[in-house]
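**Student:** Can you keep this structure in mind? I'll have questions shortly.
No value in this document is a laboratory result; all are computed from the given coordinates. Small disclaimer: the values here were computed from a predicted structure and weren't measured. Glycine also receives a Cβ, built like all others from the backbone with ideal geometry; neighbour counts cover every protein chain displayed.
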Amino acid sequence: MDSPLFLTADELSTLTGFKTPKRQVDWLRTKGWRFEINGNRQAIVARKYAEKMLGCGVPEEQSYQPNFRALQGA
């Protein structure tokens, strides 16, 4: 089963150490995390972003481009 797109309320509480939305937002801002505020005035953090920030995300695949300059010198 796929993980949800955003951190759950419990995960956000565990991450920040706070249960109240205002304190969670303060923590996220202090730490420089990117987030959005939903209609309930709660912080929303993308799961992949959180994994990246915590150093446990899946590395992004690199796209390779051909080096056409190498052919010009031949």
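**Student:** Ignoring the sites themselves, what is the longest stretch of the chain with no GluC sites (Glu not before Pro) in a DSSP loop and at most 12 other beta-carbon atoms within 10 Å?
**Tutor:** 1-59
**Student:** Hey, another quick one. So, R0 is 35 Å and r is the distance between the beta-carbons of Asn38 and Phe68; what FRET efficiency does that work out to, to 0.05?
**Tutor:** The value I calculate is 0.15.
**Student:** Separate question: As a check on your grasp of the helix formula, calculate [θ] at 222 nm for the chain: sum -39500 (n - 2.57) over DSSP H runs of n ≥ 4, divide by the residue count, round to the nearest 500.
**Tutor:** The helix contribution divided over the chain gives -11000 deg cm²/dmol.
**Student:** Mind pulling the angle between the C-alpha long axis of helix 21-31 and the longest principal axis of the chain? Nearest 10 degrees, somewhere in 0 to 90.
**Tutor:** Compared with the principal axis, the helix lies near 40 degrees.
**Student:** Okay, next question. Under the rule of at least 5 residues apart or a separate chain, name every residue whose amide H is placed under 5 Å from the amide H of Phe6.
**Tutor:** Arg47
**Student:** Another question, then. For labels at Ala9 and Lys52 in the simple 7 Å Cα→Cβ model, what's the distance in nm?
**Tutor:** About 2.8 nm, to one decimal.
**Student:** Between Arg29 and Asp2, how high is the FRET efficiency from 1/(1 + (r/R0)^6) when r is the Cβ-Cβ distance and R₀ = 30 Å? Nearest 0.05.
**Tutor:** E between Arg29 and Asp2, to the nearest 0.05, is 0.55.
**Student:** Which of the following values of Cα Rg over 2.2 N^0.38 Å was calculated from the structure shown: (i) 1.43; (ii) 1.67; (iii) 1.19?
**Tutor:** (ii)
**Student:** How would you rank Asp10, Asp2, Asp26, going from fewest to most other Cβ atoms within 10 Å of each one's own Cβ?
**Tutor:** Placing the least packed residue first, the sequence is Asp2, Asp10, Asp26.
**Student:** Take every Cα pair under 8 Å in the range 1-55 that's 6+ residues apart, average their separations, divide by the length, and report that relative contact order as a whole percent.
**Tutor:** Relative contact order of the range 1-55: 37 percent.
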